Amino acid sequence: MKITVAGTGYVGLSMAVLLSQHNEVYAMDVLQEKIDLINSRKSPIKDAEIEAYLATKNLNLKATTSAEAAYTAADFVIISTPTNYDPQKNYFDTSSVEAVIGMVRRYAPGAVIVIKSTVPVGYTEQISKKLDAHNIIFAPEFLREGHALYDNLYPSRIVVGFPQEDKRLGEAAHTFAGLLQQGALRQDVPVLFTHCTEAEAIKLFSNTYLALRVSYFNELDTYAESRGLSTKDIIQGVCADTRIGGGYNNPSFGYGGYCLPKDTRQLLANYANIPQNLMSAIVESNRTRKEFIAHQVLARNPQTVGVFRLTMKANSDNFRQSSIQDVMKLLRGEGVQVVIYEPGISSAEFEKFRVNNDLASFKAECDIIIANRISAELSDVQSKVYSRDIYARD
């Protein structure tokens, strides 16, 4: 079976690697440097399992920038292109998805299109009607950055949405779920088949719950820090309840990254004219948390604040929409000089903030160093470090 994956980010590349264990897979991207890395069996993103599988597994995988080569004669085309949230339109920018659909209609009109990009609730049904296309299904992804292939090898569940009245697409949905199960190492993966719209809602509600959980423990930490209490003791006591559990409970400067900020705002936009309080509170809580963090730093009257890494989490190379960036802007707005240490940036400036990647020099020039997640590299300047990372702070 020929499968084409459009987009080679965390979702697309992990899908391409997973499926190329048993199928002919083409990874399509517009960036030649990413294509060259994949074809030389090197990962363009930081993910231990992807790196290992590319280097050691016999994968039937070819990366290309050629739409004709990628799409022609494909049986399935998986769309995993970016859909960033547009705050002016209150809607995901789905233009990249539609561009791929156009290419598929040109080169492989018989292919089944599987949208894995996150889209607004109702999008798949709407675009199918708009284009008079009867070959589109939706399958949400539930991946962590830096562990995308692992989460495909050991998925929590597989969800595939299709028009329930369409027998052909129903068969295609079951075939696609089978392909995912074939590549996985977990044997007992729960599989759920729904309508496309319910599958889209599953994705947005799942990520919004995760954002809610992050916000809950961040607000717990805000309370504890304000009252001089031990956040760690409180969280350990709360999470000892098995109904609550220990996931997503380490305080941070706020949720960020590829998914949670845009998905929570998109779900909130989908609530237009529908009564709600909680969805608005989740989005607002994240803004309040970042303001609190900035206030706590400013209370120390620093002249120069160092930002140790822009990445959202340890062992990640992603700092898109990281919460620390909003904290930086708040500090700069109060006249504080902010300098960044981020090995992932090769230039001397990022968003008009100065970058100093000489670690010793960076430590020396800063009055305070803020770190969303603490590293052993900061062990010699602990007195300067401000972080809410309870599992690395002690």
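Could you check, for segment 319-331, whether at least one of its residues is open to solvent by 20 Å² or more (accessible area, probe 1.4 Å), more than 23 Å from residue 392 (Cα to Cα) and touching a strand residue (DSSP E or B) at 6+ places or on another chain (Cβ under 6 Å)?
No, that holds for no residue.
Those residues that are of a type in the set (S, T, N, Q) and touching an Asp or Glu at 6+ places or on another chain (Cβ under 8 Å), I need them from segment 227-282; list them, please.
231, 250, 252
Starting from segment 237-260, take each residue that is in contact (Cβ under 8 Å) with a residue 12 or more places away in the chain and among the aromatic types (Phe, Trp, Tyr) and list its partners that are open to solvent by less than 20 Å² (accessible area, probe 1.4 Å) and not in a helix (DSSP H, G or I), counting only C-beta distances under 7 angstrom and pairs at least six apart or across chains.
Going by the 7 Å Cβ cut-off, the qualifying pairs are 253/372; 258/318.
List every residue pair whose Cβ atoms lie under 8 Å apart, where the two residues are 6 or more positions apart in sequence or sit on different chains, the first residue falls within segment 119-138 and is over 15 Å from residue 205 (Cα atoms), and the second residue, located anywhere, is in a helix (DSSP H, G or I) and open to solvent by 40 Å² or more (accessible area, probe 1.4 Å).
Final answer for the pair search is 127/98; 131/105; 133/105; 134/168.
Could you check how many residues of segment 73-95 are in contact with a Lys or Arg (Cβ under 9 Å, 6 or more places away or on another chain) and open to solvent by 40 Å² or more (accessible area, probe 1.4 Å)?
5
Out of (1) open to solvent by less than 70 Å² (accessible area, probe 1.4 Å); (2) at pLDDT 95 or above, what's the single condition that is false for residue 57?
(1)
Go through segment 7-32 and give me each residue that's within 10 Å of residue 65 (Cα to Cα) and either of a type in the set (A, V, I, L, M, F, W, C) or assigned to a helix (DSSP H, G or I) (or both).
The answer is 27, 28, 30, 31, 32.
Please determine, by comparing only the residues of segment 5-43 that are open to solvent by less than 60 Å² (accessible area, probe 1.4 Å), over 16 Å from residue 149 (Cα atoms) and without any contact (Cβ under 8 Å) to a residue 40 or more places away in the chain, which one is farthest from the chain's Cα centre (by Cα).
Across segment 5-43, the extreme among qualifying residues is 35.
Could you check how many residues of segment 67-95 are in a loop (DSSP other than H, G, I, E, B) and either of a type in the set (Lys, Arg) or in contact (Cβ under 8 Å) with a residue 24 or more places away in the chain (or both)?
Summing the residues that are in a loop (DSSP other than H, G, I, E, B) and either of a type in the set (Lys, Arg) or in contact (Cβ under 8 Å) with a residue 24 or more places away in the chain (or both) in segment 67-95 gives 13.
Sort out which residues of segment 60-72 are open to solvent by less than 30 Å² (accessible area, probe 1.4 Å) and among the small types (Gly, Ala, Ser), and write them in order of number.
Quick first cut of segment 60-72, residues open to solvent by less than 30 Å² (accessible area, probe 1.4 Å) only: 61, 63-64, 67, 70-71.
63, 67, 70 - these are the residues of segment 60-72 that are open to solvent by less than 30 Å² (accessible area, probe 1.4 Å) and among the small types (Gly, Ala, Ser).
Do you know which of the residues in segment 251-283 that are assigned to a loop (DSSP other than H, G, I, E, B) and of a type in the set (S, T, N, Q) is most open to solvent (accessible area, probe 1.4 Å)?
We begin by selecting, within segment 251-283, every residue assigned to a loop (DSSP other than H, G, I, E, B); these are 251-259, 271-277.
Filter again for of a type in the set (S, T, N, Q), leaving 252, 273, 276-277.
Numbers: 252: 9, 273: 164, 276: 55, 277: 131 Å².
Ranking the qualifying residues of segment 251-283, first place goes to 273.
Would you kindly identify the helices (runs of 4 or more DSSP H) lying entirely within segment 151-250 that contain at least 2 residues that are within 21 Å of the chain's Cα centre (by Cα) and surrounded by 13 or more Cβ atoms within 10 Å (Cβ to Cβ)?
Fully inside segment 151-250 and qualifying: 196-227.
Kindly list the number of the only condition in (1) touching a residue at least 12 places away in the same chain (Cβ under 8 Å); (2) over 12 Å from residue 138 (Cβ atoms) that fails for residue 188.
So residue 188 meets the others, but not (1).
Taking residue 363, is it at positive phi and not aliphatic (A, V, I, L, M)? Walk me through it before giving the result.
Numbers: at positive phi: no; not aliphatic (A, V, I, L, M): yes.
When the stated conditions are applied, residue 363 does not pass them.
Kindly state which strands (runs of 3 or more DSSP E) lie completely within segment 293-394 and contain at least 2 residues that are of a type outside the set (Lys, Arg) and under 23 Å from the mean Cα position of the chain (by Cα).
On the way: elements: 304-308, 337-341, 353-355, 368-370.
Answer list for segment 293-394: 304-308, 337-341.
Looking for something assigned to a helix (DSSP H, G or I), surrounded by 14 or more Cβ atoms within 10 Å (Cβ to Cβ) and touching a Cys at 6+ places or on another chain (Cβ under 7 Å) - is there at least one such residue anywhere in segment 120-128? Working first, answer last.
Here is the first cut: in segment 120-128, the ones assigned to a helix (DSSP H, G or I) are 123-128.
Now drop any that are not surrounded by 14 or more Cβ atoms within 10 Å (Cβ to Cβ), which leaves 123-128.
From what's left, touching a Cys at 6+ places or on another chain (Cβ under 7 Å): 124-125.
Looking through segment 120-128, at least one residue is assigned to a helix (DSSP H, G or I), surrounded by 14 or more Cβ atoms within 10 Å (Cβ to Cβ) and touching a Cys at 6+ places or on another chain (Cβ under 7 Å).
Is it the case that some residue within segment 219-235 is in contact with a strand residue (DSSP E or B) (Cβ under 6 Å, 6 or more places away or on another chain), hydrophobic (A, V, I, L, M, F, W, C) and in contact (Cβ under 8 Å) with a residue 40 or more places away in the chain? So that I can check it myself, show each step before the final result.
Going residue by residue through segment 219-235, those that are in contact with a strand residue (DSSP E or B) (Cβ under 6 Å, 6 or more places away or on another chain) are none.
Looking for residues that are in contact with a strand residue (DSSP E or B) (Cβ under 6 Å, 6 or more places away or on another chain), hydrophobic (A, V, I, L, M, F, W, C) and in contact (Cβ under 8 Å) with a residue 40 or more places away in the chain, one finds none in segment 219-235, hence no.
Test of understanding: among 171, 145, which residue is more than 19 Å from residue 121 (Cα to Cα) and at pLDDT below 95?
Checking each option against the conditions leaves just 145.
Restricting to segment 357-384, and then to whatever is without any contact (Cβ under 8 Å) to a residue 60 or more places away in the chain, of a type in the set (A, V, I, L, M, F, W, C) and surrounded by 15 or more Cβ atoms within 10 Å (Cβ to Cβ), can you tell me which residue is farthest from residue 342 (Cα to Cα)?
Filtering first and then ranking leaves 381.
Only one of (1) open to solvent by 60 Å² or more (accessible area, probe 1.4 Å); (2) basic (Lys, Arg); (3) modelled with pLDDT of 95 or more fails for residue 46. Which number is that?
(3)
The values are calculated or read from the model by the stated rules, or taken from the named source; none is laboratory data. Given the structure is predicted, the values throughout are model-derived calculations rather than measurements. Glycine gets a Cβ as well: all are built from the backbone with ideal geometry, and neighbour counts include every protein chain shown. These accessible areas exclude ligands, DNA and RNA; they are computed on the full protein's heavy atoms, side chains included. Shrake-Rupley method; radii C 1.70, N 1.55, O 1.52, S 1.80 Å.
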